[in-house]
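The next block holds one structure in the form of structure tokens; read it before the comments.
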Amino acid sequence: MSPPPSPYAPARWLRGGHAMTIFASLARVYPRPQARRERWELPDGDFVDVDRYAASGDAARPVLVVCHGLEGSSRAPYVRGLVAVALARGLDALALNFRGCSGEQNRLPRFYHSGDTGDLHEVVARLAAERPGRPIVLAGFSLGGNVVVKYVGERGDGLFPEVRAAAGISVPFDLLRSARALDAAGFWNRVYRERFLRRLREKALAKARRFPEAIDAARVRAAATFAEYDAALTAPLHGFASAEDYWTRCSSARFLAGVRRPLLAIAAMDDPIVPGDALPLAEAHANPLVTLEATPAGGHVAFVSGSPFWPDFWAERRAIEFLAAAALGA
């Protein structure tokens, strides 16, 4: 049984989901735990780079696997913040960089996407093989949260026994609704949309120069919305019939019924990217292993509390509280 949730007191000096989101993204002072970078080869000839963190030489300590959000990396402030809390609670950690997100392009034409659970599976399999029986817990933010939830749900009873629990923060359970939120009119929607798309287009166009037969550079260059980008690149490059097909098949809400490990999902009703009315409340309620905690405030991957001079990030502490209980039995 998971511990009772610690209460969230939103920072009074950050009013609204946009303020929370922007502060956490741009103004956060974050820890820098020492990491060891490793390159892991994949069965298809590509690779992923991972950052490994260990607070001691005890190889039996449970390990947390963290998945970052869209166009993030293992060095994102929220990843390092979560890792720091995990190390303090008796867990080691591994932060996965999705393909092309570690600072170096991946080898193959393909990228990462919201429903790609294969690389996470390879990481979990390798960790389980390194030390059979060592507890593993999973956590993901935003896109990475969708990957984690989908992975746990689609594997169901076939999940490695070492995996004890999972957590997702600001998970876009319904990818269509989140894409429409980002593509909607409004100043802040345009800021979020262009910030993400600028990076995605740059990577895709660099990849198109290496693999011109695989990527329609003109369509990618012209993409001004997520609907256009996913139709131009994500769907055709990864075997989906359309952007809508990609969103439908990869939305993690449809996999909640298959979850067979304790899963905590943390959401905010004022999240500007994951609409509160799109949260899968009924699906979560139907599975006793799923805990969906939706707070009135918190923004997207933010959940700031405390003072402007000493802010705290509640969702990271709450997630580790949940995961440590499953991994350590306390």
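General observations
- Residues considered: Ala166, Ala128. Of these, the only one that is without any contact (Cβ under 8 Å) to a residue 40 or more places away in the chain, in the same structural domain as Phe313 (by TED's automatic domain parsing) and among the hydrophobic types (A, V, I, L, M, F, W, C) is Ala128.
- Members of the stretch 261-282 that are in contact (Cβ under 8 Å) with a residue 40 or more places away in the chain and not hydrophobic (A, V, I, L, M, F, W, C): Arg261, Pro262, Asp270, Asp271, Pro272, Pro275, Pro280
- Failed condition for Gly186, given (1) in contact (Cβ under 8 Å) with a residue 60 or more places away in the chain; (2) exposed (fewer than 13 other Cβ atoms within 10 Å of the Cβ); (3) of a type in the set (Gly, Ala, Ser): (1)
- Failed item in (1) crowded, with 20+ Cβ neighbours inside 10 Å; (2) outside any loop (DSSP other than H, G, I, E, B); (3) not assigned by TED's automatic domain parsing to the domain that holds Arg80, with Phe240 passing the rest: (2)
- The stretch 3-59 - residue that is surrounded by fewer than 16 Cβ atoms within 10 Å (Cβ to Cβ) and of a type in the set (Gly, Ala, Ser) and, of those, nearest to Ser74 (Cα to Cα): Ala27
- Within the span defined as the stretch 217-232, every residue fails to be under 20 Å from the mean Cα position of the chain (by Cα) and either assigned by TED's automatic domain parsing to the domain that holds Pro62 or in contact (Cβ under 8 Å) with a residue 60 or more places away in the chain (or both).
- Trp188, sole failed condition from (1) under 30 Å from Leu205 (Cβ atoms); (2) assigned by TED's automatic domain parsing to the domain that holds Leu264: (2)
- Extreme residue, nearest to Gly144 (Cα to Cα), among residues of the stretch 58-67 that are at pLDDT 95 or above and touching a strand residue (DSSP E or B) at 6+ places or on another chain (Cβ under 6 Å): Cys67
- Index of the failed condition, Leu143 passing every other in (1) in contact with a Pro (Cβ under 8 Å, 6 or more places away or on another chain); (2) over 30 Å from Arg318 (Cβ atoms): (2)
- Subset of the stretch 292-312 [touching a Gly at 6+ places or on another chain (Cβ under 8 Å), buried (at least 24 other Cβ atoms within 10 Å of the Cβ) and not aliphatic (A, V, I, L, M)]: Gly298, Gly299, His300
- In the stretch 8-28, the residues that are part of a loop (DSSP other than H, G, I, E, B) and in contact (Cβ under 8 Å) with a residue 24 or more places away in the chain: Tyr8, Ala9, Pro10, Ala11, Trp13, Leu14, Gly16, Arg28
- Test: residue in the stretch 257-269 that is in a helix (DSSP H, G or I) and either assigned by TED's automatic domain parsing to the domain that holds Arg317 or over 19 Å from the mean Cα position of the chain (by Cα) (or both): yes
- Residue in the stretch 79-96 that is buried (at least 24 other Cβ atoms within 10 Å of the Cβ), outside the structural domain of Phe226 (by TED's automatic domain parsing), free of Cβ contacts under 8 Å to residues at least 60 places away in the same chain and touching a His at 6+ places or on another chain (Cβ under 8 Å) present: yes
The values are calculated or read from the model by the stated rules, or taken from the named source; none is laboratory data. Just so we're clear, the structure is a prediction, and the values are computed from it rather than from any experiment. Because the Cβ atoms are built from the backbone with ideal geometry, glycine has one as well, and the counts that use them run over all protein chains shown.
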